[in-house]
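Worksheet: the structure to be examined is printed underneath.
Please treat every number below as a calculation from the coordinates, not as lab data. Because the structure is a prediction, the values reported are computed rather than measured. Here the Cβ positions follow ideal geometry from the backbone for every residue, glycine too, while neighbour counts run over all protein chains shown.
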Amino acid sequence: MTTSSATPGLALRLALRGDLLDFTGAPEWGATASPVVRFRPDHWLMIEGGRIVGAQAEAPDASWPRHDHSGQLILPGFIDTHVHSPQLDVIASYGTELLDWLNTYTFPAEQRYADVAEAEAGAARFLDALFAHGTTSAVVFPTVHKASTEALFAAAQARGMRLITGKVLMDRHAPDGLRDTVAQAELDCTDLIGRWHGNGRLAFAVTVRFAPTSSPEQLAMAGALCQAHPGLYMQTHVAENRDEVRWVKELFPEARSYLDVYARAGLLGTRSVLAHGIWLDDDDRAALRESGAQIAHSPSSNLFLGSGLFDWRAAEAAGAAVSVATDVGGGTSLCQLRSLQDAYKIQALRGERLTAWKALHAATRGAAEALSLGDEIGSLEPGRMADVCVWDWAAGPVAQRRLSLARDLHEKVFAWMTLGDERNLAATYVAGLRAPV
Ligand code: GUN
Ligand code: ZN
């Protein structure tokens, strides 16, 4: 790659050369040829003031600073719709399913974030790691501690990135140091919303850990917050693990289903992001469609924790939105390419096939639209923020050989998606600025 330094006065302009790939709409299930795939080989992506202003085949005039990534793939930065910042510390922990895994590994790691210095260092490490894995935007669980949420917001703002997060709510069934109260949680959330929600590229999510760790009173408070502040997100977990589903049934016998616990508390809306959704039924899927809530499918985590095989096709048929997430530390990598590889294998076990188009769309434009952020991120349309990643088509001789034999675009992109990982990442740009990766 050759790089020219920015000319004073034009520092906010940049032209990136490479093979541009994005989507103009949602691909159909199973279609390897799709009119919504936009592939522009050897084009220039034009960036001004942090935003994409166009794309062209001809080289820009000499006044444009440029980074030449020719022969490399340029994609919108990946969006990870469900990931836990403190859980980098427990990634790849052996031997348990969800409820044991939380008690044995995860809660002790999250207790450490009561220490503000630990939370600040962890936030910086986490966001830099996202960039180094090709992810430029995320919906994140920090911990129950207000200061750790604050640290994450501040670190995201310093990096100019789109981030959605909020203080984790849990007032029961959690160990000492990880429980809040309804009243204190409401005060903390209200203060954080006032200072961070809509501040630059940041947004607040009412963050119910999952139904078992919030009392009915706390769920009601969370629902009231969502109604009181327009534009807030809501994130939680739903129907991930069979023992968890049984526990929720015992705790909330009045609810029709696990998802219904959230619906009854007023927590389902177009800005609700529910991780997993493996053990849902048709009525739940209809409720998702009617509310506009999305499932953050977390394939790596679902395999690693032995949670189950998500029925993506049924969600799609019901009209429920599906995005893709790493769910680190249940998931074993921050790299969305690895998530998509696992997603393909889960669908294969269900007798379905996930195209590269459906997979990549769910981690870019599809996720952006499900978050009501389609006018900011997820594609290479003019007007979008210049959050983009540059990837080597192949890392190593096996991938090189396989890609050289690809007979059409889907075959090539599918082989890249299936063989690639963070070692293919060549550069990450956030709001038009190159991030150190
Ligand atoms: N359910 C409640 N908390 C968690 C968590 O931290 N990770 C996962 N995968 N599921 C959860
Ligand atoms: Zn999770």
Q. Suppose every K and R has +1 on its Cβ and every D and E has -1 on its Cβ; what is the size of the dipole of segment 163-247 about the Cα centre, in Debye to the nearest 20?
A. 240 debye
Q) Each residue of segment 131-147 in order: what ³J(HN,Hα) in whole Hz does its phi give by Karplus 6.51 cos²θ - 1.76 cosθ + 1.60, θ = phi - 60°, with x for Gly and Pro? A) 4, 6, 10, x, 10, 10, 9, 8, 10, 10, 8, x, 10, 5, 7, 4, 5
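Using packing as a proxy for protection, rank 25-37, 322-334, 158-170, 242-254 so that the peptide with the highest average count of other Cβ atoms within 10 Å comes first.
322-334, 158-170, 25-37, 242-254
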Q.
Taking a ≥ b ≥ c as the square roots of the Cα gyration tensor eigenvalues, with a/c under 1.5 meaning rounded and otherwise prolate when a/b beats b/c, else oblate, which class fits segment 285-418?
A. oblate
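Between beta-carbons, use under 14 Å as the cut-off and find the net charge around Glu120, counting Lys and Arg +1, Asp and Glu -1. Intermediate results must be reported in sequence, preceding the final value.
On the way: positive: Arg112, Arg125, Lys146, Arg159; negative: Asp115, Glu118, Asp128, Glu150.
My count for the surroundings of Glu120 gives 0.
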Q.
Under the 0.36 nm per residue contour assumption, what length would be gained going from the current alpha-carbon distance of Arg179 and Ser372 to full extension?
A. 66.3 nm
Q: Would you mind checking the tilt of helix 282-291 against the longest principal axis of the Cα atoms of the chain, expressed as 0 to 90 degrees and rounded to 10?
A: 70 degrees
Q | Proximal aspartates and glutamates relative to Lys249, as straight alpha-carbon distance under 20 Å, when same-chain residues fewer than 8 apart are discounted | A | Glu97, Asp100, Asp171, Glu217, Glu240, Asp260, Asp281, Asp282, Asp283, Asp284
Q: Taking the dipole about the Cα centre of the chain, with the C-beta of Lys and Arg at +1 and of Asp and Glu at -1, give me whichever of Leu259, Leu169, His133 is farthest to the positive side.
A: His133
Q: Mind checking which of Leu360, Thr96, Asn199 is farthest towards the positive end of the chain's charge dipole, using Cβ charges of +1 (Lys, Arg) and -1 (Asp, Glu) about the Cα centre?
A: Leu360
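Given Cβ point charges of +1 (Lys, Arg) and -1 (Asp, Glu) and nothing else, what value in debye, to the nearest 20, does the dipole of segment 342-437 about its Cα centre take?
Values: 12 positive and 12 negative charges, 90 e Å.
Using only the charged Cβ atoms, the result is roughly 440 debye.
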Q.
With the crude spin-label approximation of a point 7 Å out along Cα→Cβ, what separation in nm comes out for His229 versus Ser215?
A. 2.2 nm
(Q) Report for the chain the percent antiparallel among DSSP-assigned beta bridges with both residues inside it, nearest 5. (A) 45 percent
**Q.** Which of Gln347, Ala33, Val328, positive extreme of dipole for the chain (C-beta unit charges)
**A.** Ala33
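Tell me, what is the FRET efficiency for Val53 and Asp128 to the nearest 0.05, using R0 = 25 angstrom and their Cβ-Cβ distance as r? Spell out each step's value before the answer.
Numbers: r = 28 Å, r/R0 = 1.11.
The calculated FRET efficiency here is 0.35.
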Q | J(HN,Hα) series, segment 172-183, from Karplus relation 6.51 cos²θ - 1.76 cosθ + 1.60, nearest Hz, glycine and proline x | A | 7, 6, 9, x, 4, x, 10, 10, 10, 10, 4, 5
Q. Using Cα atoms only, what is the angle between the long axis of helix 409-419 and the major principal axis of the chain, expressed in degrees (0 to 90) to the nearest 10?
A. 60 degrees
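With +1 on the Cβ of every Lys and Arg and -1 on the Cβ of every Asp and Glu, and nothing else charged, how large is the dipole of segment 1-148 about its Cα centre, in debye rounded to the nearest 20?
Values: 9 positive and 17 negative charges, 84 e Å.
That gives segment 1-148 a dipole magnitude of about 400 debye.
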Q | Under-5 Å amide H pairs with Ala321, H placed in peptide plane, nonlocal only | A | Ile295
Q | For segment 360-391 and segment 261-293, distance of Cα centres in Å | A | 23 Å
Q) Roughly what angle does helix 242-251 make with the longest principal axis of the chain, taking Cα atoms, 0 to 90 degrees, to the nearest 10? A) 40 degrees
